Structure formats: structure tokens, C-alpha cells
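Worksheet: one structure, shown below.
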Amino acid sequence: MKKTSTITGHVDLSIPAIVLCLLLLLPGCGNTKNEHSNHPKTLKEVLKDKFLIGVALNSRQSSGNDTAAVRIVKEHFNDIVAENCMKSIEIHPEENRYNFTQADEFVQFGVDNNLSITGHCLIWHSQLPAWFCVDENGENVSPEVLKERMKDHIYTVVGRYKGVIRGWDVVNEAILEDGSYRESKFYEILGEEFIPLAFQYAHEADPEAELYYNDYNEWYPGKRETVVRLINTLKKRGIRIDGIGMQGHLGVTNPALEAYQETIDDYVNAGVKVLITELDVSPLPEPRRIGGANLADREAYRKEIDPYTDGLPEDVAIEWNNRMMDLFDLFLKNSDNILRVTMWGVSDGDSWKNNFPVSGRTDYPLLFDRDHQPKEVVTRLIQQLSEY
Ligand code: XIL
């Protein structure tokens with residue numbers, strides 16, 4: 001504004017309008033607004049003092065083949081996580097064989113593009129190779145053998161990317177909604193101790209790396225009480241834990257924002273930071289209102305629960321954008337305690353939600369649509385957080 005008035009102040013008022021317009025187009029002569037609109041801001045720019053904004057990449061994206069998605073990642077995000085290629089079934093398919101091809105490519109993508117990199121995940125009951133917890137007869141191995149296997153796995157994977165990966169989801173989804181421990185093989189063989197052990201090994205393998213526990217549906221009081229107990233136990237024993245990942249596989253009404261806020265408060269009061277991980281908000285009917293991401297909770301396809309195959313109706317899109325905006329407002333309000341917010345996929349077409357909890361639906365849970373266009377909430381967020 002200042003520049004414009006300086007220019008107009010020197011302009012003879014009789015000058016033809018066309019000359020005035022040309023003058024305004026000269027470099028350095030445009031007003032502030034023009035300068036800004038010539039350079040539209042991006043999510044990572046407007047959020048840079050708040051928290052990291054991350055996204056999960058599939059292997060077509062980290063290999064660079066999906067160029068439309070790569071363009072969005074480079075423009076809007078500053079942290080990446082692998083959607084699948086670092087899970088134990090992919091990276092350690094047999095006891096004496098690791099497969100780092102895709103994981104290396106993913107990490108290289110982050111390094112080349114100057115992004116921070118999140119490791120997902122070290123110990124998880126799902127996408128776990130069959131050999132990990134049993135012997136050649138299919139019997140559970142002894143606690144000592146399982147500890148050795150966990151240690152070898154964690155040392156090898158974390159060690160390979162030491163100093164490059166900023167933080168790890170060390171243990172994923174070990175606690176149920178009622179606060180009890182999931183009856184996984186790890187729990188069956190080692191009891192609750194498998195979690196502190198995993199954190200200890202991860203810290204030994206890379207003392208600089210941040211370490212997180214990650215789970216879904218943490219607004220269930222029982223679940224979050226046990227997570228808080230876990231944080232206390234680790235801290236009391238002097239074992240590093242930096243944050244709790246709150247997976248955000250959410251619906252448009254479920255859960256209530258209050259429950260989300262209470263969960264964040266509980267974790268912050270226990271002395272850790274929060275990471276909003278795996279965010280996607282589905283506008284589709286929830287077949288059973290359990291929410292979350294338990295991979296075993298699947299439902300058969302029915303046309304009635306797949307209502308938007310030809311596109312999202314305007315009123316549903318409005319509701320969806322408002323819900324996503326409300327969530328980001330809540331994250332922004334808590335930004336002092338939130339390290340990162342990560343979307344579970346780049347665009348709607350990439351989302352695992354098209355196949356979970358029902359296979360073959362058309363879902364709309366992410367910030368960019370099937371044509372890789374930003375949704376309204378992206379524009380709103382950028383506008384709200386820009387200086388003007
Ligand atoms: C999902 C992936 O998105 C799918 O491609 C895969 O088939 C199954 O796993 N919780 C997690 C993620 O921690 O790793 C899961 O990712 C979704 C639920």
C-alpha cells in the first residue's frame with residue numbers, strides 16, 4: 001500500500017489510465033497485495049512456526065513416478081512418512097533377509113527434497129512377517145529369542161538411517177479401547193515389557209532420534225489412561241519417549257473435539273508432546289460406529305454405504321471442509337504442544353480409506369482431491385494464517 005501511494009503521489013493526475021496501469025506493472029511498483037497474490041502461500045509456509053506438516057507417501061510417490069503427487073508434496077509438506085515400506089513385513093520379510101530397496105528410495109526422496117523424515121513403524125502386530133515371533137514348528141519362541149529378534153530388527157533398521165530419520169513410531173497400536181493390552185504375540189511372549197524394551201533398543205540404536213508411541217481411538221478413556229501409565233513407566237525408568245502419535249482416522253462427526261482436546265491435555269500433563277498422525281476424515285457412512293483403524297474390523301461392501309461414487313454433494317463437501325477446519329483450529333490452539341500433523345496420503349485417490357473398513361468404496365478423506373486440486377480448507381487455512 002505504501003509503495004502504491006508513493007507512486008501515485010508522484011503521478012500527474014492528468015496522465016492516461018493506461019500509462020498508470022503500466023507503471024503499476026513495473027517490478028517493485030505493485031502494491032503489497034499484488035506481490036502476495038503473485039506468490040500464493042503454501043501449507044508449510046503458513047504453518048512453519050506452528051508444527052511440521054507431514055504426509056504419507058506410497059512407493060510410486062517416493063520413487064518419483066507419481067509426478068502430480070510429488071509436486072504437491074514438495075510444495076506443501078515438510079515431513080514425510082512411509083505408508084508401508086518400512087513395516088516389518090516389507091523391510092524384514094525373512095529372519096536373515098532385509099529388503100531396503102523401497103525404504104532407501106523413500107529416505108533418499110526426503111534427503112533430496114530437504115524434508116524431515118519419520119520412521120513408521122518398528123514393532124506392530126500387523127504387517128508383521130509370519131516368522132518373527134515363532135520357531136520353525138510355528139510355536140511361540142522364548143522371551144529371550146524374541147528379545148534378540150526385536151533387538152536385531154530395531155538395531156538394523158534404526159541404525160541404517162541413524163542421524164537421517166528424525167523420529168520413530170517405536171510401537172504401534174498395542175493398547176485396546178478398554179485400556180487392556182492387545183493380545184499380540186509380543187504381549188503373549190513378553191507381557192507389557194515388550195514396549196519398554198522396544199524403546200530402549202531404539203534409543204541405543206540412535207540416541208538422537210525422537211521416539212513415539214502411536215495408536216488410534218485414544219479419546220477412549222480406558223485407552224488413554226493406559227497410554228498415560230505407559231508414559232509414566234518409561235519416564236520413571238529413564239527410558240526416552242518424546243511424544244504420543246494420535247492416529248487421526250476420523251469421521252465427520254465422530255469423535256467430538258472435546259474428547260480430542262482432553263486426550264491432548266492428558267498427554268501433555270504426563271510430560272510428552274503430541275503428534276497428530278495418519279490424519280484422514282471420511283465423509284462416508286460408518287458401517288459400525290467403532291471408529292479407528294483396527295485392520296481386522298472389516299465390513300462387506302454394500303451400495304448403501306458407498307453413496308458418493310459420482311462425486312461429493314455440495315452439502316457434504318461443506319460439512320467435510322468445516323470439520324477439517326475445526327480440527328486444524330484445535331491443532332493450532334495446541335500448537336505449543338504439537339510437534340507435527342501428518343496426512344495419511346496425498347490425494348483422495350491414494351487413500352487407504354477407499355478400501356478400509358470396506359473394500360472398493362469411493363472416499364474423500366484427504367486435503368487434495370482425485371484431480372490433485374486443493375480442497376477449500378487448504379485455501380481457508382492459508383488465507384487465515386497469512387499476514388494479510
Ligand atoms: C495402512 C496402509 O495405509 C495400507 O496401505 C495398508 O494396506 C494397511 O496399513 N494404522 C497404521 C498404518 O499405523 O500403518 C495403517 O496403514 C493404517 C492404520
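The values are calculated or read from the model by the stated rules, or taken from the named source; none is laboratory data. Nothing here was measured: the structure is a model prediction, and the numbers come from that model. Neighbour counts run over all protein chains shown; Cβ positions are idealised from the backbone, glycine included. What goes into the accessible areas is simple: the full protein's heavy atoms, side chains included, and nothing from ligands, DNA or RNA. Shrake-Rupley method; radii C 1.70, N 1.55, O 1.52, S 1.80 Å.
What does the charge count around K44 come to, taking other residues whose C-beta lies under 10 Å from its C-beta (Lys +1, Arg +1, Asp -1, Glu -1)? Each step should come with its number before you reach the end.
Values: positive: K41, K48, K74; negative: E45, E75, D79.
Net local charge, K44 excluded: 0.
When the alpha carbon coordinates of the chain are projected onto the principal axes, the ranges are 94, 49, 42 Å, largest first. For the range 98-240, what is the Kirkwood hydrodynamic radius in Å, using each pair of distinct C-alpha atoms? Its Kirkwood hydrodynamic radius stands at 16.0 Å.
Amide hydrogen proximity for V55: with H placed 1.01 Å from N in the peptide plane, the residues at 5 or more positions away or on another chain lying under 5 Å are D79, I80, V81, M343.
For the range 168-215, what is Rg from Cα atoms divided by 2.2 N^0.38 Å, rounded to two decimals?
On the way: Rg = 11.3 Å, N = 48, 2.2 N^0.38 = 9.6 Å.
Ratio of Rg to 2.2 N^0.38 Å for the range 168-215: 1.18.
Projecting the Cα atoms of N337, S359, A300 onto the charge dipole of the chain, computed from C-beta unit charges around the Cα centre, puts N337 farthest toward the positive end. These residues, H203, H153, go from largest to smallest accessible area, 1.4 Å probe, as H203, H153. Kirkwood hydrodynamic radius of the range 294-335, from the reciprocal of the average inverse Cα-Cα distance over all distinct pairs: 13.1 Å.
Roughly how many debye, to the nearest 20, is the charge dipole of the chain about its Cα centre, given +1 on each Lys and Arg Cβ, -1 on each Asp and Glu Cβ, and no other charges? It would help to have the intermediate numbers written out before the result.
Working: 41 positive and 61 negative charges, 214 e Å.
In debye, rounded to 20, the chain gives about 1020.
Specify the angular offset, from 0 to 90 degrees and rounded to the nearest 10, of the alpha carbon long axis of helix 67-76 from the longest principal axis of the alpha carbons in the chain. Long axis of 67-76 versus the principal axis of the chain: about 80 degrees.
With one equal scatterer per alpha carbon and no solvent term, the Debye-computed log10 I(q)/I(0) for the range 66-157 at 0.22, 0.24 1/Å reads -1.07, -1.22.
Near the amide H of T277, under 5 Å away, which other amide H atoms are found, from residues 5 or more places off or on another chain, if H is placed in the peptide plane? When sequence neighbours closer than 5 places are left aside, the close amide H contacts are M246, Q247, G248, T342. The range 158-222 and the range 75-146 have their alpha-carbon centroids 13 Å apart. Do the sum for the chain: with -39,500 (n - 2.57) for every DSSP H run of n ≥ 4, divided by all residues, what is the mean residue ellipticity at 222 nm, to the nearest 500 deg cm²/dmol? Estimated from H runs of four or more residues: -12000 deg cm²/dmol. Helix 257-269: angle to the longest alpha-carbon principal axis of the chain, degrees 0 to 90, nearest 10? That helix lies at roughly 70 degrees to the long axis. In the range 84-129, one over the average inverse separation of all distinct C-alpha pairs is 11.2 Å, which is the Kirkwood hydrodynamic radius. Amide H contacts of C121: K87, S88, each under 5 Å away and 5 or more positions distant or on a separate chain (H built 1.01 Å from N in the peptide plane; Pro and chain starts excluded).
Helix 376-385 against the longest principal axis of the chain: what's the angle in degrees, Cα atoms only, rounded to the nearest 10? Relative to the chain, helix 376-385 is tipped by roughly 70 degrees.
Residues in the range 85-100 carry Karplus couplings, in order, of 6, 9, 5, 4, 5, 8, 8, 9, x, 10, 3, 9, 9, 9, 10, 9 Hz; the curve used is 6.51 cos²θ - 1.76 cosθ + 1.60 with θ = phi - 60°, and Gly or Pro positions show x. The distance from the alpha carbon centre of the range 237-315 to that of the range 331-358 is 9 Å, rounded to a whole number. The relative contact order of the range 196-320 comes to 26 percent, based on Cα pairs under 8 Å that sit 6 or more residues apart.
Find, among the GluC sites (Glu not before Pro) in the range 156-199, those assigned to loop by DSSP (not H, G, I, E, B) with at most 16 other beta-carbon atoms within 10 angstrom. Show your work: numbers first, answer last.
Details: sites: E173, E177, E183, E188, E192, E193; in loops: E173, E177, E183.
Answer by residue number: E183.
Restricting attention to the range 80-160, which GluC sites (Glu not before Pro) occupy a DSSP loop and are surrounded by at most 16 other Cβ atoms within 10 Å? Write down the numbers at each step before the final one.
Numbers: sites: E83, E90, E94, E95, E105, E136, E139, E144, E148; in loops: E83, E95, E136, E139.
Filter output for the range 80-160: E95, E136, E139.
Above 16 Å, the calculated P(r) of the range 226-269 contains 45 percent of its Cα-Cα pairs.
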